[in-house]
Amino acid sequence: MSVAVQASSGSGASLLSLARRSARATVGCIAVALFLGAWQIVGANEIIRSDLISYPSEVATTLMQMSASGELGSNAAVSLQEFIQGFLPAIGFGVAAGTAFALSRRLHYLFEPLIVALNTSPIIAFVPIVVVWFGVGTQSKAIMVFLAAVIPILINTMTGIGQVHESWIRACRAFGASKSQVIAKAMLPGALPAVMVGVRLAVGRAVVGLIAAEMYVSVRGIGRLIQVYSTSERAAEIFVLVAVVASFGFLLVTLLRRIEIWLAPWSLER
């Protein structure tokens, strides 16, 4: 009897949670629809000059035209390549360095001023230096992505490892685990939720660094297109490019959340 009651209460809680998520999604969709409708009315009726703000139907038409011509796809591919070349090494180096700094106080004290300086400095300020050192090719944009992304990952890795419960480490050592096994079996899994938070935060910084570098000096890429269309005052094209960048960031962060749920389902309990 008690089992049946627990099962019914559990299913009831699941249905209630699903209903709440559906309600939030519905409210969000309504809010977006109202915003787009108001924007369409204001722009299409020239309440505010449409060449300044455009409007959704014009932006959608421009998106199809830029996609059909290949202009959007070719430049997006260049930006995506530069992003991947910088972001993946940032994850690897950030996790490795964060782990080392968390385990060694000497390394932590030695590099802490540099980490703080890089974390508080505007990443855009490094664009001219990186371009002078590495040129205007793909390498300089990948390095900007790396510099923008590595610090949040490193800091969150250090924080996550520092917060790993001591009982996990003691349990591993009790079974005769070596130091490397303790790191692999206890510290990194325990720090994974914090690491994933750092990776998600790094996405926004990396995108900003990439677009800024492409706008500063580049031949191709989404940032270059934004620079070109901003000087010619073509609002519809700029909104298309901003929407592409925002959609990429949203999809990547959503994918990272799914990966975290798959790798660390226990993080949902926090």
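The values are calculated or read from the model by the stated rules, or taken from the named source; none is laboratory data. Note that the structure is a prediction, hence the values are computed from the model and not measured. With ideal geometry, Cβ positions are generated from the backbone for all residues, glycine too; neighbour counts draw on all protein chains shown. Side chains are part of the model used for accessible areas, which takes the heavy atoms of the whole protein and leaves out ligands, DNA and RNA. Shrake-Rupley method; radii C 1.70, N 1.55, O 1.52, S 1.80 Å.
Report, in debye and to the nearest 20, how large the dipole of the chain comes out about its Cα centre when Lys and Arg carry +1 and Asp and Glu carry -1 on their Cβ. Mind dumping the intermediate values first?
On the way: 19 positive and 12 negative charges, 228 e Å.
That gives a dipole near 1100 debye.
Which value in nm describes the separation of the simple spin-label points at LEU34 and GLN65, placed 7 Å from the Cα toward the beta carbon?
3.2
How far, in degrees from 0 to 90, does helix 222-231 lean away from the longest principal axis of the Cα atoms of the chain, to the nearest 10?
On a 0 to 90 degree scale, this one is about 30.
Give the residue from VAL132, GLY176, LEU201 lying farthest towards the positive end of the charge dipole for region 92-203; charges sit on Cβ (+1 for Lys and Arg, -1 for Asp and Glu) and the dipole is referred to the Cα centre.
Highest projection toward the positive end goes to GLY176.
Accessible surface of PHE83 in the full protein assembly, 1.4 angstrom probe, to the nearest 10 Å²?
Estimated to the nearest 10 Å², PHE83 gives 10 Å².
From the residues GLN227, LEU263, VAL245, which one has its Cα farthest along the dipole of region 169-270 in the positive direction, the dipole being from +1 and -1 charges on Cβ of Lys/Arg and Asp/Glu about the Cα centre?
Toward the positive end, the furthest listed residue is LEU263.
Modelling each spin label as a point 7 Å along the Cα-to-Cβ direction, I'd like the ALA184/PHE111 distance in nm, to one decimal.
Label-label distance for ALA184 and PHE111, simple model: 2.2 nm.
Residues of region 224-243 with the amide nitrogen closer than 16 Å to a label point 7 Å from the Cα of VAL42, along Cα-to-Cβ, please.
235-236, 239
If the chain between SER22 and LEU80 were fully stretched, how many nm would it gain, using 0.36 nm times the residue separation less the Cα-Cα distance? Please list the in-between numbers first.
Working: separation 58, 0.36 × 58 = 20.88 nm, distance 3.27 nm.
Once the chain is fully extended between SER22 and LEU80, it gains 17.6 nm.
Which net charge results when you count Lys and Arg as +1 and Asp and Glu as -1 among the other residues whose beta-carbon is under 11 Å from that of GLU237? If you can, show how the numbers build up before the last one.
Working: positive: ARG234; negative: GLU58, GLU71, GLU233.
Residues close to GLU237 contribute a combined charge of -2.
So what's the gap between the Cα centers of region 102-164 and region 177-218, to the nearest angstrom?
With region 102-164 and region 177-218 each reduced to a Cα centre, they are spaced 11 Å.
Give the residue from ASN156, TRP39, ALA68 lying farthest towards the positive end of the charge dipole for region 38-168; charges sit on Cβ (+1 for Lys and Arg, -1 for Asp and Glu) and the dipole is referred to the Cα centre.
ASN156
Using a 1.4 angstrom probe and counting only protein chains, how large is the accessible area of TYR109 in Å², to 10?
150
If I compute Rg and Dmax of the Cα atoms in Å from the structure I just sent, which labelled value in (1) 20.0, 69; (2) 25.3, 93; (3) 23.5, 75 lines up?
(3)
If you roll a 1.4 Å probe over the heavy atoms of the protein chains, what accessible area per residue do you get for region 137-253, in Å²? The partial results should precede the final answer.
Numbers: 5390 Å² over 117 residues.
Accessible area per residue, region 137-253: 46 Å².
Quick one: helix 188-216 against the long Cα principal axis of the chain, what's the angle to the nearest 10°, folded into 0 to 90?
On a 0 to 90 degree scale, this one is about 20.
Please return the longest stretch of the chain lacking exposed loop sites, where GluC sites (Glu not before Pro) count only if DSSP places them in a loop and at most 12 other Cβ atoms lie within 10 Å.
Details: sites that count: GLU46, GLU233.
No qualifying site falls inside 47-232, the longest such stretch.
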